[in-house]
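Accompanying notes for the structure given below.
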Amino acid sequence: MGNEIYFKTALGGYNKDDVLAKIDAYTCLITAIDSAIMSDAAINAELLKIRHMPMKKAKCLFLPASGFSIPDVDEYIRELEKEIANKVML
């Protein structure tokens, strides 16, 4: 069993590429924290940069398009933030 993530698809949800890029950035940061290769200042700077990564709503021209469910993605990102906070607070 792997670490697969499944998000529901929703009309007007988050752009899938934006979500995947942001989750990848969080995962890389968690890996760096686990490897102890970053200082606290570097962790904070990277976390701030990740938080500011845009997650636009999916659109086709001016109409809403199919994207990842906003509540699902927001909940997953909250969980990643908690995991990072727990690792940094140790």
Starting from the Cα of Ala36, step 7 Å along the direction of its Cβ; do the same at Ala65; then give the gap between the two resulting points in nm. 4.5 nm
Within straight cross-link reach of Lys57, meaning Cα distance under 27 Å, which lysines are found once same-chain residues fewer than 8 apart are removed? Lys8, Lys16, Lys22, Lys49, Lys82
Placing +1 on the Cβ of each Lys and Arg and -1 on the Cβ of each Asp and Glu in the chain, which of Asn15, Leu29, Asn44 has its Cα farthest towards the positive end of the resulting dipole? Asn15
Of all accessible surface on the chain at a 1.4 Å probe, what whole percent is carbon and sulfur? 60 percent
Kindly report the accessible area of the range 22-75 per residue (heavy atoms of protein chains, probe 1.4 Å, no ligands, DNA or RNA), in Å². 64 Å²
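Once the piece of chain linking Leu20 and Glu4 is laid out straight, how much longer is it, given 0.36 nm per residue of separation minus the C-alpha distance between them? Write out the running numbers ahead of the final one.
Details: separation 16, 0.36 × 16 = 5.76 nm, distance 1.22 nm.
Length difference between fully extended and current span is 4.5 nm.
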Hey, could you get me the Stokes-Einstein D for the range 43-90, Kirkwood radius over alpha-carbon pairs, 10 °C and 1.306 mPa s, rounded to whole µm² s⁻¹? 125 µm²/s
Rh by Kirkwood over Cα pairs, then Stokes-Einstein D for the chain at 0.692 mPa s and 37 °C, µm²/s: 233 µm²/s
So, for the Cα atoms of the range 19-60, Rg and Dmax in Å stand at 12.2, 42
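The values are calculated or read from the model by the stated rules, or taken from the named source; none is laboratory data. On a predicted model such as this, the values are computed, not experimentally measured, just so you know. Heads up, the Cβs are rebuilt from the backbone with ideal geometry, glycines too, and the neighbour counts pull from every protein chain shown. Just the protein is used for accessible areas: all its heavy atoms, side chains included, with ligands, DNA and RNA removed. Shrake-Rupley method; radii C 1.70, N 1.55, O 1.52, S 1.80 Å.
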